[in-house]
Protein chains: 2
Amino acid sequence: MYRTTTCGELRLAHLGQTVTLAGWVQRIRKMGGMTFIDLRDRYGMTQLVFNQEVDADLCERANRLGREYVLQVTGKVEERSSKNSHMPTGDIEIIVSTLTILNEALTPPFTIEDETDGGDDIRMKYRYLDLRRNSVRANLELRHKMTIEVRQYLDAQGFLEVETPVLVNSTPEGARDFVVPSRMNPGQFYALPQSPQTLKQLLMVSGFDRYFQIVKCFRDEDLRADRQPEFTQIDCEMSFVDQEDILNMFEGMSRHLFKKIKGIDLPTLPRMTWHDAMKFYGSDKPDTRFDMKFVELMGILKGHGFSVFDEATYIGGICAKGAATYTRKQLDTLTDFVKRPQIGAKGLVYARVEADGSIKSSVDKFYTQEVLQQMKAAFNAEVGDLILILSGSDVNKTRKQLSELRLEMGSQLGLRDKNKYSCLWIVDFPMYEWSDEENRLMAMHHPFTSPKPEDIHLLDTAPASVRANAYDMVINGVEVGGGSIRIHDAKLQAKVFEILGFTPEEAQNKFGFLMNAFKYGAPPHGGLAYGLDRFVSLFVGLDSIRDCIAFPKNNQGRDVMLNAPGLIDQVQLDELGLKVVDKEK
Amino acid sequence: MYRTTTCGELRLAHLGQTVTLAGWVQRIRKMGGMTFIDLRDRYGMTQLVFNQEVDADLCERANRLGREYVLQVTGKVEERSSKNSHMPTGDIEIIVSTLTILNEALTPPFTIEDETDGGDDIRMKYRYLDLRRNSVRANLELRHKMTIEVRQYLDAQGFLEVETPVLVNSTPEGARDFVVPSRMNPGQFYALPQSPQTLKQLLMVSGFDRYFQIVKCFRDEDLRADRQPEFTQIDCEMSFVDQEDILNMFEGMSRHLFKKIKGIDLPTLPRMTWHDAMKFYGSDKPDTRFDMKFVELMGILKGHGFSVFDEATYIGGICAKGAATYTRKQLDTLTDFVKRPQIGAKGLVYARVEADGSIKSSVDKFYTQEVLQQMKAAFNAEVGDLILILSGSDVNKTRKQLSELRLEMGSQLGLRDKNKYSCLWIVDFPMYEWSDEENRLMAMHHPFTSPKPEDIHLLDTAPASVRANAYDMVINGVEVGGGSIRIHDAKLQAKVFEILGFTPEEAQNKFGFLMNAFKYGAPPHGGLAYGLDRFVSLFVGLDSIRDCIAFPKNNQGRDVMLNAPGLIDQVQLDELGLKVVDKEK
């Protein structure tokens, strides 16, 4: 060992001890005839002292050190004359007697501080230096702790972690697969799993009963801030259970994690139907840290001569408590916000509740105060509140726009505190959603999801209204997990495939290995998967999942540190029986 | 929940209780007016009873069930009249009152028993049925338990599990990479990691200090029984340590695993130099469950007119205790064994120690009894022992042949008990080994391995004799883990690359990202990696790693259950800018 103690553990109790530390030079300060060095390792920082008068040579050597040099020092623990209460080791310092330079260091291209001067690009290129920053390392420490706790909880509940293969077959789950050419099987390709969905169902057929895996999954999609080509799932499946059993089991897991990691006692999770989530929040992942539910206004505001509303299929609004102080300029900015192409609203109607209880709105000329008071009542609005209204010809699109406005107002009013958690289940998802692109019904979750038994009779007559035994866990407006009870009956599965537009042959071709397995005694089963990266980023309070991943990729799917992907040798292409061609051809 | 109890937990203490069970039909027996069904789940088996006289309808339904049907039954726990002491639940049975068929099952293509009638191929095709067998599931349960214990030990020692990416760059570590074409970066490829070697070294540069990961690794190699294209490593790295620290840390981990999983108190592990391992066992992974060390005989047997020995560069033998009873036929079979092309010896000389202490050998006509007695003394051979001798012109090759013979004799004499464990460290590996194929020195471990400080001066003059700070953990003749202290000094690294025949440009090109990282303050570091699959198979007592992997691939790298790899759509090939060409061209 190069050290007897870490840089984080020395206190007044250690005074007089001779210790050996190893770590990186955080900073060097010269004051009078003294040189002070903050030595950093994963565990903390300790002040080293060199005194010109005591050992001029040693002090001179210390003066020549640079930032991020790797040192080993031996010295005596002494009490500081001026203590630093911001550092756990701030009461002591080390009077260094021996200094060994374990390695020199070039000056890093950005500062290794919690708030660094490095931009995203340079931090990614030198990720190994970025990871030296306490704030980034702390995220990965929390991630480690979360996976330890997940395993502890699930192991105690009798779940077995089973590794499923990474080199699998292409499964039709919507997104694009990454593929891996097989040298031993020329012209053929493995696919990297988008999730172990079918394999975990096969494990249920095998009788494994309670399975989990913390596992890498892969999707070749165009990337956004919260998407990575490879991501990690906490993947779980259980047999001989219904939806209630699964919700309880994983509500328990979330409770365990909140308690162990954040010290928070999670209350019993509310459950909201998908239908209510859409109606009141315009989203299947509502941020319920704040209320501000939608109020529908068709009955009140339609038919009074305001053509925008009169022609609308949907009129709805939110009430922002205490925001009547918003200036004209602020309201214009909000209007611009909803009119941005990403949101796409045509305009924004607002109404303030004045000090005397009357309503002052941007559409006063179309509405009597009586109608406006009806609206006020519908919102339960009070003096000082601001009502914001959107309308449109497409119910779902308008709700989505209103949802964006609601989130924006939540942010502006400080209602989305990252240290506050609101966790709930969304249940009763529809089985199918219509795809304009494919001109057919698509599985909302995936084609193995079971319809609610009481809705099965609607499969033939009104498939779009059939509800699924599917559920999502939503925290602070983020879908952290989701799953479903699966179909275990071959006939029901065939029917569902038929509604999805597959011929029996196509179904057999695409899902044959699973359907065949089900013929040998499939138990009732279901499960869910959490996105670990998102779960960690929520616990950390990050907007992006990147900084809770050690080596993330950028929006072009590149690892700029490794310079991957890259070119490969012609020899290797030949071995694989592949030729790179111009994509334009 | 479909059950109140599992099929493994009912005992006499539960008599009279009404319980609900769910599981698979293991077997059905009719006796008189009674039908008995063994119901199986992951936790065990419970006998169900149906009585023709009590409920003829129910009994009739039970009679129509088939093997592997999935049932839910409710009934009362009663004491069996004829108990089965081989089953944990053998004291009780369930008098069934309600029977629900949860799913039907086709007759499985092989029996779901510990000893099945299914061959390898059919078991792999229907792996989900094979996994229903207790013996196979037990392996995966043990694997789960091992990873839980590994994490518990390492977490307690302050190690952080950090996930490294699966989509990386191609690294030159000897074996062939699997590659993944990038759609967003046409003509470019990711590689799947052969190990996270360089990434874990970067984490040390980042100050992570103590890292581990249980992680999938990939090698596109031709396959054998103990090789899979994807396999799992327990990958570890530490900073500010020397070899001694690492050996102690991971000896501790092995001790923890042996104690927790097998209930065995592992003694302090012996350490054997690579040189001694080769000299006494002809292998760098000696099976030390039994002694039978090599004895070199050049000094005794050369120069007596037996041309085979007189022309040999190496003569060595082993002494098989008590094997003098081997018949001529058994000795001929041994001779055939060493002459098989996989082993390649020219012949086998044997010598028995007779009841009177004299030696009777196959080369008696060349040697006086005096010389033969010298040989006997060299082996410490006793009455009843059998001495087996090989010779050859290539020391290493002959030692390898003798090693195979030693292992075979160990097996024949019952000295390789799978329930006995002999665990040791092999240390002081050479830095380099000569490659006839490449006509240059190659890194024996990998090019980042540090030479022993006391041998560094030999790098220029006698590189082949330089020893590395590299070590393997060997259990029962299997290399379960290995690693090294890494080079952290840029100049030493450059020298090592030079000896490996790289120009500075080539070195920069191949290893630049790591060498650059080292310029920013790399700490002294080292680590090791265990092969989890091998470790589990040793604990289970399997010869192949396959049955401790849920979904293994066959020798052609195929998953015959998933039918992977497979063809992909032209559309997808076009998106990737790839064309499949005939490999012959």
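The values are calculated or read from the model by the stated rules, or taken from the named source; none is laboratory data. Bear in mind the structure is a predicted one, so any value in this text is a computation, not a measurement. Cβ: placed from backbone, ideal geometry, glycine included. Neighbour counts: every protein chain shown. Please note that ligands, DNA and RNA were not included when accessible areas were found on the heavy atoms of the full protein model with its side chains. Shrake-Rupley method; radii C 1.70, N 1.55, O 1.52, S 1.80 Å.
Annotations
- Take chain B and mark each of the GluC sites (Glu not before Pro) that is in a DSSP loop with at most 15 other Cβ atoms within 10 Å; the longest unmarked stretch, sites excluded, is B:116-310.
- Mean residue ellipticity (222 nm) of chain A, computed from DSSP H runs ≥ 4 via -39,500 (n - 2.57), nearest 500: -8500 deg cm²/dmol
- DSSP-defined beta bridges in chain B - what % are antiparallel, rounded to 5: 95
- Other protein chain Cβ atoms within 10 Å, averaged over every residue that makes up A:96-106: 3
- Gyration tensor (alpha-carbon) shape descriptor, the protein assembly as shown, a/c threshold 1.5: oblate
- Since only B:Thr98, B:Thr232, B:Gly282 are under comparison, the one whose Cα sits farthest along the positive direction of the charge dipole of chain B, derived from C-beta charges on Lys, Arg, Asp and Glu, is B:Thr98.
- Straight-distance crosslink candidates among aspartates and glutamates, where the alpha carbon sits under 15 Å from A:Lys260 and sequence neighbours closer than 8 are dropped: A:Glu141, A:Glu149, A:Glu251
- Distance between the stretch A:207-266 and the stretch A:444-510 - C-alpha centres, whole angstrom: 20
- The mean sequence separation of alpha-carbon pairs under 8 Å and at least six residues apart, normalised by the residue count of the stretch B:142-206, gives a relative contact order of 27 percent.
- Counting only aspartates and glutamates at least 8 places from A:Lys321 when in the same chain, those with an alpha carbon closer than 20 Å to its own are A:Asp287, A:Asp291, A:Glu296, A:Asp332, A:Glu354, A:Asp356, A:Glu382, A:Asp385, A:Glu404, A:Glu408, A:Asp417.
- Of all DSSP beta bridges in the protein assembly as shown, antiparallel share, percent nearest 5: 95
- For B:Met31, the distances from its label point to the matching points in the remaining copies are 9.0 nm, ordered from shortest, with each point set 7 Å beyond Cα toward Cβ.
- The value of relative contact order for chain A, using C-alpha pairs under 8 Å at least six residues apart, is 13 percent.
- For the stretch B:12-103, the residue among B:His14, B:Leu39, B:Phe50 whose Cα projects farthest onto the positive side of the dipole built from Cβ charges is B:Leu39.
- Apportionment of accessible area to carbon and sulfur, chain A, percent (1.4 Å): 48
- Nearest-10 value in Å² for the accessible area of B:His275, using the 1.4 Å probe: 110
- Centre-to-centre separation between the Cα atoms of the stretch A:91-115 and those of the stretch B:81-141: 62 Å.
- Fully extended contour minus Cα-Cα distance, from B:Asp291 to B:Asn63, at 0.36 nm per residue: 76.2 nm
- Note on A:Lys125: lysines with a C-alpha under 16 Å away, same-chain residues under 8 apart excluded, are A:Lys553, B:Lys519.
- The stretch between A:Asp460 and A:Ile101, if pulled fully straight at 0.36 nm per residue, gains 121.6 nm over its current Cα-Cα span.
- The largest-to-smallest principal axis extents of the Cα set in the stretch B:80-139 are 42, 28, 18 Å.
- Taking every alpha-carbon pair in the stretch A:290-412 and binning the separations at 5 Å intervals from zero gives 2, 12, 24, 26, 23, 12, 2, 0 percent.
- Take each residue in B:118-131, count the other chain C-beta atoms within 10 Å of its C-beta, and the mean is 3.
- Options A:Ser391, B:Leu266, A:Ala355, ranked by Cα towards positive dipole end of the protein assembly as shown, top entry (Cβ charges): B:Leu266
- The stretch A:290-412 - percent relative contact order, Cα under 8 Å, separation 6 or more: 35
- The label-point distance for B:Val371 and B:Glu244, in a model that sets each label 7 Å from Cα toward Cβ, rounds to 4.9 nm.
- For the stretch B:74-191, the orientation-averaged shadow of the C-alpha convex hull comes to 15.9 nm² (one quarter of the hull surface).
- Efficiency of FRET between A:Asn555 and B:Asn380 - r from beta-carbon atoms, R0 51 angstrom, step 0.05: 0.10
- Computed FRET value (nearest 0.05) for A:Lys510 with B:Glu575, which takes r as the C-beta separation and R₀ as 25 Å: 0.80
- Scanning chain B for the Cβ atom closest to the axis that brings B onto A yields residue and whole-Å distance B:Lys579, 2.
- Legend: residue pairs B:Lys279/B:Lys420; A:Lys579/B:Lys510; B:Lys262/B:Lys293; A:Lys279/A:Lys510, Cα-Cα distance threshold 30 Å; pairs beyond threshold, A:Lys279/A:Lys510.
- Cα gyration tensor shape for the stretch A:12-103, rounded if a/c is under 1.5, else prolate or oblate: rounded
- Among the residues of A:568-576, the average count of other protein chain beta-carbon atoms within 10 Å of the residue beta-carbon is 4.
- Relative to the other identical copies, A:Lys259 shows label-point distances of 2.8 nm, where the label point lies 7 Å from Cα along the Cβ direction and values run shortest first.
- Starting from the label point of A:Asn516 at 7 Å along Cα→Cβ, the same points in the other copies fall at 4.9 nm, in ascending order.
- Descending Cα extents along the principal axes, chain A, whole Å: 91, 76, 55
- At the residue level, A:Arg11 shows approximately 90 square angstrom of accessible surface with a 1.4 angstrom probe and all protein chains present.
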